[in-house]
Every structure is written in C-alpha cells, then in structure tokens.
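Comments concern the structure below.
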Amino acid sequence: MGIEPGDVVVDVGAGEGALTVHLLRAGARVIAVDRHPRRLEVLRSRFEGLPVTVVNADVTRLRWPRQPFRVVANPPYAVTTTLLRQLVSPHNRLLSADLVLQRRVVRQILDGRAAAARRNRRDFVVQRGLTVPRTAFRPPPRVDSAVLVIRRR
C-alpha cells in the first residue's frame, strides 16, 4: 500500500527532511515532527510554501491527526516502545506505518517477544520490510536496521 496524493503522512524524527522529500514527491501532505531547534529551522526553511507542517514535539507529547493518517519514519530508536504503543492505540486513525527500527527490535516484535507485538493484533497486521544496513546512515549507527510494516486490517 503506497502513499497516494493527498494522504496525510507523519514523519516522526524528520531530521533535515530526507524522508519528507520523497513523501512530498508522492503527493503527501506531510507532518514533519522533530524536537531539535536546529533541525526544525532547517525543515521550516527547506519546505517553506510546500504542504509540510513542521511540529516541534517529543513523541511522548505528540497529538496525532484526527483524520486517517500514515506514518513513514526513521524515529530515534529510544522512542520505539512509546511510538509503537501510540500507533496501535485504538484511539487513533492510523492506516499504516513504515518504521525504520533496530533490526533486533523488529525481530523481537515479530517473534512476539516485545510488548508492542501483543497490542491490538486483531486490528493490525505487522510484518518485516526491507533490511537497512548501518552504512545507509550518516553517521552510521552501531546496529543494522529493518523496516517494520504495520497495516490496519
């Protein structure tokens, strides 16, 4: 299920907009979330006049859109548990999420060893997507990553 023109997509941990650029090319209306002042300035300047709303927020205080939305994100690894708990909450309108997470964490979720794996499985399908090697990042993290794919049933 790809991004369609007009989709509302939340980019958590948007950084300087590496994913945001691709979401815009797909026609999405992007909500770029970050909490670091310098990156927020870069986002506002880079995407001025485009359908991007820059939000200064920590994921623990983020207000999710009221309309149906998607998430495409490379969030800070430290917020993984909180983010997953919020995304699969029955109180939001999440349609899908594609999250770049630590490969080990994705494996634990799919094996059912992580608490996030046991939440709302009746409402969501959870799968593994592509592997993302650490060399794909600047600076490279100490671990490899993988995409966790979440789709509402």
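Figures for the structure shown
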item: Wholly within the range 1-73, strands (runs of 3 or more DSSP E) carrying at least 1 residues that are modelled with pLDDT under 95 and closer than 19 Å to Ser89 by Cβ; result: 69-73
item: Residues that are of a type in the set (Val, Ile, Thr) and surrounded by 13 or more Cβ atoms within 10 Å (Cβ to Cβ), drawn from the range 129-142; result: Val132
item: Condition broken by Pro76, with the remaining ones in (1) surrounded by 18 or more Cβ atoms within 10 Å (Cβ to Cβ); (2) farther than 25 Å from Asp123 by Cβ; (3) touching a residue at least 60 places away in the same chain (Cβ under 8 Å) satisfied; result: (1)
item: Matching entry among Val100, Val105 (being in a strand (DSSP E or B) and either buried (at least 16 other Cβ atoms within 10 Å of the Cβ) or free of Cβ contacts under 8 Å to residues at least 60 places away in the same chain (or both)); result: Val100
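The values are calculated or read from the model by the stated rules, or taken from the named source; none is laboratory data. Since we're looking at a predicted model, the values are computed, not measured. Backbone-built Cβ (ideal geometry, glycine too); neighbour counts: all protein chains shown.
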